[in-house]
Amino acid sequence: MAELLLAAEVPRWAGRFYLRHWALVVGLSLVASVQRLVVVNWGDLVPSGVAFASEVVVVAARVLLVVAIWRLATKGERLRWANARSFAARHWPSLVWQGVLLAAAVLVFDVVAEQVVGGLLPESARQTYLAVLLFVKNPTVIAFTFVWWVGLIRQVGVSRPVPVG
C-alpha cells in the first residue's frame, strides 16, 4: 500500500503543477488543439504542405512545453542518475503502479474516448467528434501526461530521501 501511495504522489503533484501553471500549459497546448481541429475536421481543404508545416509547428510547441515544464519542475531541485537507480531498486513496485495508473489513463482517454465512443457514432459524425476530442485532449489529457512524466522523473531523481507511507 505504501508503494501505491508513493506512486500516487506523482499525479497529485502533477495536478498541483498543472493548476499553478495552467496558463502556460494550456497556452502552448492550444497550438496543437487548433491544428488538430483544423487538419482533422477540414483536412481535405488544407494543402498537404500546410498540413506538414503545421505538424512541425505542433512538434515545436510540444517540445517547448516539455522544456518549460522541466525547467519549472526542476528549479531548485538536484536530480541525479544515482538517485534514480536507488529509487528504482528500493521502490520498483511504485514504478509498476505508475505504469498501471498511466495505462488506466490511456485506456480511458484514448481507447474508450477515441475508439469506443467514436465507433458508436455514425460515420458522418466521427471526423468532427475526433477533431473536437483532440482539441480538448491537447490542453488537458496530453498536457497533463507531459507534466506527469516530468513529475515521475523528478520523483526518482531527487537528491533528498522520498518519504514512504
*First check a/c for the stretch 68-149, with a ≥ b ≥ c the square roots of the eigenvalues of its C-alpha gyration tensor; if it is under 1.5, answer rounded, and if not, answer prolate when a/b is larger than b/c or oblate otherwise.*
oblate
*Read through the labelled values [x] 16.3; [y] 18.1; [z] 17.5 and report the label of the one computed as Kirkwood radius over Cα pairs in Å from the structure.*
[z]
*Output the relative contact order of the chain, whole-number percent, from Cα pairs under 8 angstrom with separation of 6+ residues.*
51
*May I ask you to work out the translational diffusion coefficient for the stretch 115-159 at 25 °C, viscosity 0.890 mPa s, via Stokes-Einstein with Rh from the Kirkwood sum over Cα pairs, reported in whole µm²/s?*
196
*How large is the accessible surface per residue of the stretch 32-96, computed with a 1.4 Å probe and reported in Å² as a whole number?*
64
*Can you give the charge dipole size of the chain about its Cα centre, rounded to the nearest 20 debye, using +1 on the beta carbon of Lys and Arg and -1 on the beta carbon of Asp and Glu?*
880
*Write down Rg/Rh for the stretch 31-117, rounded to two decimals, with Rg from the C-alpha atoms and Rh from the Kirkwood relation over Cα pairs.*
1.13
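The values are calculated or read from the model by the stated rules, or taken from the named source; none is laboratory data. Because the structure is predicted, anything quoted here is derived from the model rather than measured. We place every Cβ from the backbone using ideal geometry, glycine too, and count neighbours over all the protein chains shown. Surface accessibility is based on the protein's heavy atoms, side chains included, excluding ligands, DNA and RNA. Shrake-Rupley method; radii C 1.70, N 1.55, O 1.52, S 1.80 Å.
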